[in-house]
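Asks: First the structure, then my questions, so here it is.
The values are calculated or read from the model by the stated rules, or taken from the named source; none is laboratory data. Bear in mind the structure is a predicted one, so any value in this text is a computation, not a measurement. Here the Cβ is made from the backbone with ideal geometry for all residues, glycine too, and neighbour counts use every protein chain on show. SASA here: full protein model, heavy atoms, side chains in, ligands and nucleic acids out. Shrake-Rupley method; radii C 1.70, N 1.55, O 1.52, S 1.80 Å.
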There are 2 protein chains.
Amino acid sequence: MSQVSSCELCAGDGGDVLWRHPQFRVVLVDEADYPGFCRVIWNGHVKEMTDLAPAERTLLANAVWVVEAAQREVMQPEKVNLATLGNMTPHVHWHVIPRFLDDRHFPSPVWAEPRRAADAASIATRRALLPQLLEAIRRQLDAAGLTA
Amino acid sequence: MSQVSSCELCAGDGGDVLWRHPQFRVVLVDEADYPGFCRVIWNGHVKEMTDLAPAERTLLANAVWVVEAAQREVMQPEKVNLATLGNMTPHVHWHVIPRFLDDRHFPSPVWAEPRRAADAASIATRRALLPQLLEAIRRQLDAAGLTA
C-alpha cells in the first residue's frame, strides 16, 4: 500500500477512527457545527477514484452508502451530502455530511459562506446521538460484509 | 419512474444531454468558468443514494467514474471533484468537475468564495476540448456497457 510522508491522510488517521477495514477506514470528523460528519478514507495513497480498480471503487462506495444509511437511520437529516474533492489533500477520501434545515449553511454546501449561526440546542441534540450513530455505522458495515 | 412536477430535474434535462440511459442521463453544465463540468442525473425522482437499490447505486456510480475517466483522458485536470448534494434540488444528481490550478476557486471547492478571476486563455483552451470530451464520454460509457 503506497504511503506519502507529506500527506496528512498517510501520516495520520484524519479523525476519530470508527472502523478499520484493510482497505479503508471510517472516521468521525471534528467539526463543531456538524456532529455526525464522517469521512471514508482509502488507506493507500491514491489520488482519484479512477486510480482504484473497479472492485475497489465499488468497495469504497459501498462503505460510503452504509455511512449515509446509518446517518439517516439515527439522525434523520434533511439531506445527506456526499463528496470527494481532494484538491488540498489528493488522497481519496469521501465526506459524508448529514445536513439539516437549521445548520449553518443549509441549503448551501458546507464549503460556501455560512447563512446563519449554528443553533446550539440543535447541535447539542445531534451530538447526543453520536453514540447511536457509531453503533449504527459499525452494525451496518458489519451487516454489509465490510468487516474490519 | 416517479416524477415530481415542481422538480427542475423532473421538468427538464438539467443541461445539454450527452447520453441517455434508461435510468440516468449525463449532461454538460453551462458554467462559463468550468468547461467540461458534467452532471450525472438519475432519471427517477429519488432523493438519496440510499433510496436507490444497491444495483442502481452501483450503476449510477459507474457512470460517474466513466465521466471522471473521460475528463482525465481529454482534459488532464489537476483533480476531479465528485459530489452529490441536492440540498436545493433533492433529486439524485452527481457533479463531476474537472479542476485546474488556475481555475476560479482552486484549491477550494467550486461552492466556496472565488480566489481569482478565471483565466480567459485557459478557459478557451479547455472549451476547445469539449468535442473530444463528449466523444470520450460516449465511447467510454458504451465500452462500460452503460448503453443508451
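Asks: If one takes the accessible area of chain B alone plus chain A alone and subtracts that of the pair, with a 1.4 Å probe, what total in Å², rounded to the nearest 100, results?
Replies: Its buried surface, counting both partners, is about 3000 Å².
Asks: Calculate, in nm to one decimal, what B:Glu135 and B:Arg115 gain on full extension: separation in residues at 0.36 nm each, minus their alpha carbon distance.
Replies: Going from the current span to full extension adds 4.0 nm.
Asks: Relative contact order of chain A: what whole-number percent is it, with Cα pairs under 8 angstrom and at least 6 residues apart?
Replies: 24 percent
Asks: Calculate the mean, over all residues of peptide A:83-91, of how many other protein chain Cβ atoms lie within 10 angstrom of the residue's Cβ.
Replies: 6
Asks: Would you work out the charge dipole size for chain A about its Cα centre, treating the Cβ of every Lys and Arg as +1 and the Cβ of every Asp and Glu as -1, and quote it to the nearest 20 debye?
Replies: In total the dipole reaches around 160 debye.
Asks: Listed highest first by mean packing, meaning other Cβ atoms within 10 Å per residue, what order do B:5-18, B:104-117 come in?
Replies: B:104-117, B:5-18
Asks: Under the Kirkwood approximation applied to all pairs of distinct alpha-carbon atoms, what is the hydrodynamic radius of chain B in Å?
Replies: By the Kirkwood definition, the hydrodynamic radius is 15.7 Å.
Asks: Separate question: With the crude spin-label approximation of a point 7 Å out along Cα→Cβ, what separation in nm comes out for B:Asp51 versus A:Gln23?
Replies: Here the modelled spin labels are 2.9 nm apart.
Asks: In addition: For A:Lys47, go through the aspartates and glutamates and keep the ones whose alpha-carbon is under 18 Å away, minus same-chain ones fewer than eight residues off.
Replies: Straight-distance partners of A:Lys47: A:Glu8, A:Asp13, A:Glu56, B:Glu68, B:Glu73, B:Glu78.
Asks: Post the alpha-carbon centroid distance, region A:52-77 to region B:81-121, in whole angstrom.
Replies: 22 Å
Asks: Rounded, prolate or oblate, given the Cα gyration tensor of the protein assembly as shown, with a/c below 1.5 counting as rounded?
Replies: rounded
Asks: Which ³J(HN,Hα) values, rounded to whole Hz and listed in residue order, are derived for region B:78-86 from phi using the Karplus coefficients 6.51, -1.76 and 1.60 in 6.51 cos²θ - 1.76 cosθ + 1.60 with θ = phi - 60°, glycine and proline given as x?
Replies: 5, 7, 10, 9, 10, 7, 10, 10, x
Asks: What number, rounded to the nearest 500 deg cm²/dmol, is the helix-based mean residue ellipticity at 222 nm of chain B, given -39500 (n - 2.57) per DSSP H run of at least four residues and division by all its residues?
Replies: So the helix-based figure for chain B works out to -10000 deg cm²/dmol.
Asks: Take each complete run of DSSP H in chain A, measure how far its Cα atoms stretch along the helix's own axis, and keep only those covering 18 Å or more with mean Kyte-Doolittle hydropathy at least 0.0; list them.
Replies: Correct list, ordered by number: A:54-75.
Asks: Shifting gears a bit: At what distance in nm do the modelled label points of A:Glu78 and A:Ala143 sit from each other, each positioned 7 Å from its Cα along Cα→Cβ?
Replies: In this crude label model, A:Glu78 to A:Ala143 measures out at 2.8 nm.
Asks: With only Lys, Arg, Asp and Glu charged, each at its Cβ (+1 for the first two, -1 for the last two), find how big the charge dipole of region A:61-148 is about the Cα centre; round to the nearest 20 debye.
Replies: Result for region A:61-148 is approximately 80 debye, rounded to the nearest 20.
Asks: Please give, to one decimal in nm, the separation of the simple spin-label points placed at B:Asp102 and B:Thr125, each 7 Å out from Cα toward the Cβ.
Replies: Result for the modelled spin labels: 0.5 nm.
Asks: Indicate the gyration tensor shape class of region B:106-148 (rounded, prolate or oblate), computed on the Cα atoms with a ≥ b ≥ c the square roots of the eigenvalues: a/c under 1.5 is rounded; otherwise a/b larger than b/c is prolate and the rest oblate.
Replies: Oblate.
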